[in-house]
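Enquirer: One structure is given below, represented as structure tokens, and several questions about it will come after.
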Amino acid sequence: MSIEHDAGARTGQDQPTGGPALPQRRHLVTEIPGPRSRELLARKRSAVPPGIGTTLPVFVTRAGGGVLVDADGNSLIDFGSGIAVTTVGNAAPRVVERVRRQAGEFTHTCFMVTPYESYVEVCERLNALTPGDHEKRSFLVNSGAEAVENAVKVARHATGRQAVVTFDHGYHGRTLLTMTLTAKNMPYKHRFGPFAPEVYRMPMAYPFRWPTGPENCAEEAAAQVVDAITKQIGAENVAAIVIEPIQGEGGFIEPPRGFLPALVSFARDNGIVFIADEVQTGFARTGRMFACEDEGIVPDIICTAKGIAGGLPLAAVTGRAELLDAVHVGGLGGTYGGNPLACEAALAVFDTIEAEDLTGRARRIGEIMLPRLRTLAERHPMVGDVRGRGAMVAIELVRPGTKDPDPAVTGEIARRCHADGLVVLTAGTYGNVLRFLPPLAMPEQLLEEGLSILEKAISSV
């Protein structure tokens, strides 16, 4: 089988960031997946447990800008960014250079044994970049789940309280505690219990599905949360409120304006630590450095990961100095936390975001995507909702004339996009959301072509 698609071969020299000289075009030469990827998939099945799923079984050999190149030579448009990780582009030049240089110096000492400057510099940059002008401290770990778990540890230690409040549709990780904080059973929690104690789930402000309409959502949802905490837990027993400013795996649910500030105000009034999980929303993804900034929210603790280090494993906990300083020596840390290669990558990411105005680039991506998706929704009643901010955008698929979720159609649209060379991700508690996370390095012509492929897939279902 031979399929040829070539929409303007731009080289890496005129893409905003990304791998050098990697043509920025969609180019299909085999079916998806091709024969070499199928061979590798067979090897995966015999070596890797099936619990490690794969969205699209093409095995990547190169990536950069807005494309992924697979083992069969196909070049696919990337609307996933490795789930919001390669925000600055895959193999971004500054990241490559700093990591390559560091690898020649040393790869590990363990910061808790013999420290190094890059760890300290990353923490200094995070303290300066995150919302709020109060004195802050940061420490580094390996993953978003580890960051959230450590943030809860800090909140419990500092307050002397145990209860943690989380929200419907939230996703915070796969460790015991973060799996407990996560709302969705399948595939994240099914048969993995018993779960961690003293975790309480509250209703999320979900405008598309709010019973009395989106115009009432912020006020009513906040009132329900406050009432439930007061009656069921007691505010004086709550160590932390943990929430994503825009929910990720839950379906890119963007709470209406006013909901998050109401939660922050309640937390402040009751000595509760407000923890913002910005693992997916952080580092220019939403058109600001952090999504909290959109409503001027200043978290007590902010958790970051994914986009922080251009693809290398790194995460961080940044918070008020008095909270983090309260923990005894040795109470925080980990062998690999703040690996020197990942620290150098993070410093390169910070520089790239600033030098190339990637927050502005994210806003531009939203300006392109959202109007086209809203026009698509007007033509296709299966598109029940279009939402998002910056380069974090989603559509929710429903049975026409209702708000009943339609995960089957969602999966079919994703499959047709994949077959046509566009990588898209599904999400949502009901499995009926297509989420789009293009690298901020993506050239506009690729973004437009990707949207055309999506339109074709929806029209053909």
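Enquirer: Could you pull out the residue among A183, A163, A205 that is under 19 Å from E278 (Cβ atoms) and surrounded by fewer than 24 Cβ atoms within 10 Å (Cβ to Cβ)? Don't jump to the end; show me each part of the working.
Expert: Working: A163 fails: under 19 Å from E278 (Cβ atoms); A205 fails: surrounded by fewer than 24 Cβ atoms within 10 Å (Cβ to Cβ).
The match here is A183.
Enquirer: All but one of (1) part of a helix (DSSP H, G or I); (2) within 21 Å of G319 (Cα to Cα) hold for I275; state the number of the condition that does not hold.
Expert: Single failed check for I275: (1).
Enquirer: Something else about it: Working only within the stretch 181-207, note down all residues that are within 23 Å of the chain's Cα centre (by Cα) and closer than 27 Å to G53 by Cα.
Expert: The answer is L181, T182, A183, K184, N185, M186, P187, Y188, K189, H190.
Enquirer: Quick check: anything in the stretch 263-271 modelled with pLDDT of 95 or more, in a loop (DSSP other than H, G, I, E, B), more than 18 Å from V165 (Cα to Cα) and small (G, A, S)?
Expert: So the first thing to find is which residues in the stretch 263-271 are modelled with pLDDT of 95 or more, and the list is 263-271.
Those still in the list that are in a loop (DSSP other than H, G, I, E, B) too: 270-271.
Imposing the further condition that a residue be more than 18 Å from V165 (Cα to Cα) reduces the set to none.
No, there is no match, as no residue in the stretch 263-271 is modelled with pLDDT of 95 or more, in a loop (DSSP other than H, G, I, E, B), more than 18 Å from V165 (Cα to Cα) and small (G, A, S).
Enquirer: Next question. Return yes when A239 is farther than 14 Å from D168 by Cα, touching a residue at least 12 places away in the same chain (Cβ under 8 Å), touching a helix residue (DSSP H, G or I) at 6+ places or on another chain (Cβ under 7 Å) and not charged (D, E, K, R) and no when it is not. I'd like the intermediate steps shown before the answer.
Expert: Numbers: farther than 14 Å from D168 by Cα: yes; touching a residue at least 12 places away in the same chain (Cβ under 8 Å): yes; touching a helix residue (DSSP H, G or I) at 6+ places or on another chain (Cβ under 7 Å): yes; not charged (D, E, K, R): yes.
In short, yes.
Enquirer: Please enumerate the residues belonging to the stretch 329-367 that are in a loop (DSSP other than H, G, I, E, B), out of contact with any helix residue (DSSP H, G or I) (no Cβ under 6 Å at 6 or more places or on another chain) and touching a residue at least 40 places away in the same chain (Cβ under 8 Å). Please lay out each step first, then the result.
Expert: In the first step, residues of the stretch 329-367 are kept if they are in a loop (DSSP other than H, G, I, E, B); the result is 329-339, 356-357.
Now restrict to residues that are out of contact with any helix residue (DSSP H, G or I) (no Cβ under 6 Å at 6 or more places or on another chain): 329-337, 339, 356-357.
G331, L332, G333, G334, T335, Y336, G337, N339, E356, listed by residue number.
Enquirer: May I pose another question? Kindly provide the set of residues from the stretch 111-125 that are part of a helix (DSSP H, G or I) and in contact with a Leu (Cβ under 9 Å, 6 or more places away or on another chain), ordered by number.
Expert: Answer for the stretch 111-125, where residues must be part of a helix (DSSP H, G or I) and in contact with a Leu (Cβ under 9 Å, 6 or more places away or on another chain): S118, Y119, E121, V122, C123, R125.
Enquirer: Here is a further query. Please pick out the residue among A128, A145, A158 that is in a helix (DSSP H, G or I), surrounded by fewer than 17 Cβ atoms within 10 Å (Cβ to Cβ) and not basic (K, R). Spell out the reasoning first.
Expert: Details: A145 fails: surrounded by fewer than 17 Cβ atoms within 10 Å (Cβ to Cβ); A158 fails: surrounded by fewer than 17 Cβ atoms within 10 Å (Cβ to Cβ).
From the options A128, A145, A158, the qualifying one is A128.
Enquirer: Of everything in the stretch 71-88, what is in contact with a strand residue (DSSP E or B) (Cβ under 6 Å, 6 or more places away or on another chain) and more than 19 Å from L434 (Cβ to Cβ)? Give them in sequence order. Steps first, please.
Expert: Of the stretch 71-88, the ones in contact with a strand residue (DSSP E or B) (Cβ under 6 Å, 6 or more places away or on another chain) are 71, 75-80.
Selection gives A71, S75.
Enquirer: Looking at the stretch 372-399 only, could you name the residues that are surrounded by fewer than 16 Cβ atoms within 10 Å (Cβ to Cβ) and in contact with a strand residue (DSSP E or B) (Cβ under 9 Å, 6 or more places away or on another chain)?
Expert: Selection gives R374, P381, R399.
The rows are residues; the columns are (1) under 20 Å from A240 (Cβ atoms); (2) outside the structural domain of I243 (by TED's automatic domain parsing); (3) not polar (S, T, N, Q).
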{"site": "L176", "(1), (2), (3)": "yes, no, yes"}
{"site": "T180", "(1), (2), (3)": "yes, no, no"}
{"site": "F192", "(1), (2), (3)": "no, no, yes"}
{"site": "P197", "(1), (2), (3)": "yes, no, yes"}
{"site": "Y200", "(1), (2), (3)": "yes, no, yes"}
{"site": "M204", "(1), (2), (3)": "yes, no, yes"}
{"site": "P207", "(1), (2), (3)": "no, no, yes"}
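Enquirer: With respect to the numbered conditions (1) touching a helix residue (DSSP H, G or I) at 6+ places or on another chain (Cβ under 8 Å); (2) surrounded by fewer than 24 Cβ atoms within 10 Å (Cβ to Cβ); (3) not hydrophobic (A, V, I, L, M, F, W, C), which one is the sole condition not fulfilled by G319?
Expert: Every listed condition holds for G319 apart from (2).
Enquirer: Given the residues A262, A235, which is the only one that is under 19 Å from V199 (Cβ atoms) and among the small types (G, A, S)? So that I can check it myself, show each step before the final result.
Expert: Numbers: A262 fails: under 19 Å from V199 (Cβ atoms).
So the residue among A262, A235 that is under 19 Å from V199 (Cβ atoms) and among the small types (G, A, S) is A235.
Enquirer: Any residue at all in the stretch 402-424 that's among the charged types (D, E, K, R) and buried (at least 23 other Cβ atoms within 10 Å of the Cβ)?
Expert: Taking the stretch 402-424 first, the residues among the charged types (D, E, K, R) are 403-404, 406, 412, 415-416, 420.
Of the ones still in play, those that are also buried (at least 23 other Cβ atoms within 10 Å of the Cβ) are none.
Looking through the stretch 402-424, none of the residues is among the charged types (D, E, K, R) and buried (at least 23 other Cβ atoms within 10 Å of the Cβ).
Enquirer: Let me ask you something else. Does the stretch 84-101 hold any residues that are buried (at least 18 other Cβ atoms within 10 Å of the Cβ) and hydrophobic (A, V, I, L, M, F, W, C), and which are they?
Expert: First pass over the stretch 84-101, keeping only residues buried (at least 18 other Cβ atoms within 10 Å of the Cβ): 84-92, 94-95, 98-99.
Correct list: A84, V85, V88, A91, A92, V95, V99.
Enquirer: Could I ask something else about it? Using beta carbons and a limit of 6 Å, which pairs, at least six apart or on different chains, have the first residue in the stretch 157-174 and touching a residue at least 60 places away in the same chain (Cβ under 8 Å) and the second one basic (K, R)?
Expert: Between residues of the stretch 157-174 that are touching a residue at least 60 places away in the same chain (Cβ under 8 Å) and residues that are basic (K, R), the close pairs are T166/R201.
Enquirer: While we're here: Among the numbered conditions (1) at pLDDT 95 or above; (2) assigned to a loop (DSSP other than H, G, I, E, B); (3) within 30 Å of P187 (Cβ to Cβ), tell me where R38 comes up short.
Expert: In the conditions (1) at pLDDT 95 or above; (2) assigned to a loop (DSSP other than H, G, I, E, B); (3) within 30 Å of P187 (Cβ to Cβ), R38 misses (2) alone.
Enquirer: So which residues in the stretch 274-305 are acidic (D, E) and either crowded, with 23+ Cβ neighbours inside 10 Å or in contact (Cβ under 8 Å) with a residue 40 or more places away in the chain (or both)?
Expert: Within the stretch 274-305, D277, E278, E293, D294, D300 meet the criteria.
The values are calculated or read from the model by the stated rules, or taken from the named source; none is laboratory data. From a predicted model like this one, the values you see are computed outputs, not experimental measurements. All Cβ positions, even for glycine, are placed from backbone atoms using ideal geometry, and neighbour counts span all protein chains on display.
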